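The values are calculated or read from the model by the stated rules, or taken from the named source; none is laboratory data. As the structure is a prediction and not an experimental result, all values here were calculated from the model. Cβ: placed from backbone, ideal geometry, glycine included. Neighbour counts: every protein chain shown.
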Amino acid sequence: MAEQVTIEELKGRIGQEVGVSKWFDVPQSAIDAFADLTHDHQFIHIDVEKAKATPFGGTIAHGFLTVSMLSAMAYDALPDIAGRTMGVNYGFDRLRMMSPVKAGARIRGRFVLKALDSKSAQQHQLTHAVTVEIEGAEKPALAADWVTLAFTN
């Protein structure tokens, strides 16, 4: 079970790493499904034979597939906010896709709490510096400043 913290306790962790997710597999089947959902069938993602001739040596995940995994990583890694009734994405202040995620790779998220601004007693804006690491790779897949809203009772 995830650690439960109050908003005030979380404010005391600004500037600190607040979670690291488990490793998530990125199989070709997930890349193919994402291609179908988003109608992005560029060969580099779905044509294993043709992709072998690219500098990547094989198929790679869509950058937006990697971004979309942030929610699963956050659910796995971040502490549970006491009294939270829901959370929503608010956007990104910065997002860079730095390295491709090859089919069959494993990725995980590393979260540093950059800011926490209480807009009201029930609405809190959190900014996490998140890095998505690729197992065994020197450079991360992406780095972002991810802004979310947490609603509490």
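Out of the residues in the range 18-57 meeting the condition of being touching a strand residue (DSSP E or B) at 6+ places or on another chain (Cβ under 6 Å) and assigned to a loop (DSSP other than H, G, I, E, B), tell me which one is nearest to Arg110 (Cα to Cα).
Checked the range 18-57; the qualifying residue nearest to Arg110 (Cα to Cα) is Ser21.
Return yes when Ala35 is loosely packed, with under 13 Cβ neighbours inside 10 Å and farther than 21 Å from Asp117 by Cα and no when it is not.
no
If I filter the range 126-134 for residues that are surrounded by fewer than 18 Cβ atoms within 10 Å (Cβ to Cβ) and out of contact with any Lys or Arg (no Cβ under 8 Å at 6 or more places or on another chain), do I get at least one hit?
Within the range 126-134 (the criterion being surrounded by fewer than 18 Cβ atoms within 10 Å (Cβ to Cβ) and out of contact with any Lys or Arg (no Cβ under 8 Å at 6 or more places or on another chain)), the answer is no, since none of the residues qualifies.
Determine, yes or no, whether Met73 is of a type outside the set (Val, Ile, Thr), modelled with pLDDT of 95 or more, surrounded by fewer than 16 Cβ atoms within 10 Å (Cβ to Cβ) and at negative phi.
Against the criterion (of a type outside the set (Val, Ile, Thr), modelled with pLDDT of 95 or more, surrounded by fewer than 16 Cβ atoms within 10 Å (Cβ to Cβ) and at negative phi), Met73 does not qualify.
Quick check, is Ala105 under 17 Å from the mean Cα position of the chain (by Cα), among the hydrophobic types (A, V, I, L, M, F, W, C), more than 30 Å from Leu149 (Cβ to Cβ) and surrounded by 14 or more Cβ atoms within 10 Å (Cβ to Cβ)?
Answer is yes for this residue.
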